1. When you scan the stretch 55-73, do you find a residue that is within 18 Å of residue 22 (Cα to Cα) and touching a strand residue (DSSP E or B) at 6+ places or on another chain (Cβ under 7 Å), even just one?
2. Mind counting the residues in the stretch 140-158 that are within 14 Å of the ligand (Cβ to nearest atom) and over 17 Å from residue 173 (Cβ atoms)?
3. Check whether at least one residue in the stretch 163-175 is touching a His at 6+ places or on another chain (Cβ under 7 Å), assigned to a helix (DSSP H, G or I) and more than 15 Å from the ligand (Cβ to nearest atom), and report yes or no.
4. Mind checking which residues of the stretch 45-54 are within 17 Å of residue 17 (Cα to Cα) and part of a helix (DSSP H, G or I)?
5. Looking at the stretch 17-44, which of the residues that are part of a loop (DSSP other than H, G, I, E, B) and among the aliphatic types (A, V, I, L, M) is nearest to the ligand (Cβ to nearest atom)?
6. Which condition number does residue 148 fail, the rest of (1) within 18 Å of residue 76 (Cβ to Cβ); (2) not in a strand (DSSP E or B) being met?
Amino acid sequence: MEHSCKCTQKIVALDVESVLADIHSAWITQYKKKFTIKDITDWDFISLKRWNETLKTFLEETDNLWEKFPEKIPPTVPNLKEVTRHLKPFDIVTSRRTLGGIIKWVEYHQLEYRAIVYVPDNKADLDYCMYIDDNPKLATKLKDNQFLWLISQPYNLQVHESSQIQRVNSIIETVSQ
Ligand SMILES: [Mg+2]
């Protein structure tokens, strides 16, 4: 968790999908998909074309999961409440519109967040000092004083580590460093 950060706002911006909630596993399991997460090798789901999947089908089907069955979306690690305690204070920052389901999910997992923030586009504009996220596009938008723990996924392997970006396998590694 320790690193040199020039920001005064010491609040961590925690992404939801792939950081807290294992949305890809839920999507693949609940909709009985024939591919695995390893087949998702780009952010826009073009790699899933041969299974007739698109970003749109992903968003529609996972919106449905968030709205109707948030309890079926597993956490990325079993002891999420304990792990996230080490990150306090943190905000949950998401680009998903299904905030009702997300709130139910984080309450169900008893996460001690400060606020839930919806941002439709660029999270770096929110001026957090530290982000934990899996989005490769955020890596290209960081301001000089921002730091990203990038949750490693098959669709973000092209992102290089730097003084502002460190790759981790799960949220657990962000609190143990
Ligand atoms: Mg995400």
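1. Yes, some residue in the stretch 55-73 is within 18 Å of residue 22 (Cα to Cα) and touching a strand residue (DSSP E or B) at 6+ places or on another chain (Cβ under 7 Å).
2. Number satisfying all stated conditions: 2.
3. yes
4. Correct list: empty.
5. Checked the stretch 17-44; the qualifying residue nearest to the ligand (Cβ to nearest atom) is 19.
6. Against the list (1) within 18 Å of residue 76 (Cβ to Cβ); (2) not in a strand (DSSP E or B), residue 148 comes up short only on (2).
Any read-out appearing in this document is the output of simple, stated calculations on the displayed coordinates, not a laboratory observation. This one's a predicted model, so the numbers in the text were calculated from it and none came from an experiment. Glycine also receives a Cβ, built like all others from the backbone with ideal geometry; neighbour counts cover every protein chain displayed.
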